[in-house]
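Trainee: First, the structure itself, so that you have it in front of you.
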Amino acid sequence: MNFSGKYQLQSQENFEPFMKAIGLPEDLIQKGKDIKGVSEIVHEGKKIKLTITYGPKVVRNEFTLGEECELETMTGEKVK
């Protein structure tokens, strides 16, 4: 199944508790509450490119399904 396309956030549940849990500062949480993010996915075989845009913040990640990777979170941290 190919997931390529652009997706816009329609609704959010538990946004504030989740953002607090991942370590986002309170001022950024309040700014982000009303922003409807857009995710763009390019899916080619096992390779996936993911671009998430929340207002002025853009996070780009690329990975291959089935392989370990390093991704950047919305807070700028790198995770495996």
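The values are calculated or read from the model by the stated rules, or taken from the named source; none is laboratory data. This one's a predicted model, so the numbers in the text were calculated from it and none came from an experiment. With ideal geometry, Cβ positions are generated from the backbone for all residues, glycine too; neighbour counts draw on all protein chains shown. Protein only, heavy atoms only, side chains kept; ligands, DNA and RNA dropped before computing areas. Shrake-Rupley method; radii C 1.70, N 1.55, O 1.52, S 1.80 Å.
Trainee: Mind checking which aspartates and glutamates have their C-alpha under 13 Å from K31, skipping anything on the same chain fewer than 8 residues away?
Mentor: Excluding near neighbours in sequence, the set is E16.
Trainee: I'd like to check one number: the per residue accessible area of the range 5-79, probe 1.4 Å, reported in Å² as a whole number.
Mentor: With the other protein chains kept in place, the range 5-79 gives 73 Å² per residue.
Trainee: Mind checking the dipole of the chain: about its Cα centre, +1 per Lys or Arg Cβ, -1 per Asp or Glu Cβ, Debye to the nearest 20?
Mentor: 200 debye
Trainee: So, one more: Calculated from DSSP H runs of 4 or more alone, at -39500 (n - 2.57) each and per residue, what is the 222 nm mean residue ellipticity of the chain, nearest 500?
Mentor: -4500 deg cm²/dmol
Trainee: Take the Cα pairs of the chain, get the Kirkwood Rh, then feed it into Stokes-Einstein at 25 °C and 0.890 mPa s and tell me D in µm²/s.
Mentor: 177 µm²/s
Trainee: How much of the accessible area of the chain, probe 1.4 Å, is carbon plus sulfur, in whole percent?
Mentor: In the chain, the share of accessible area belonging to carbon and sulfur is 53 percent.
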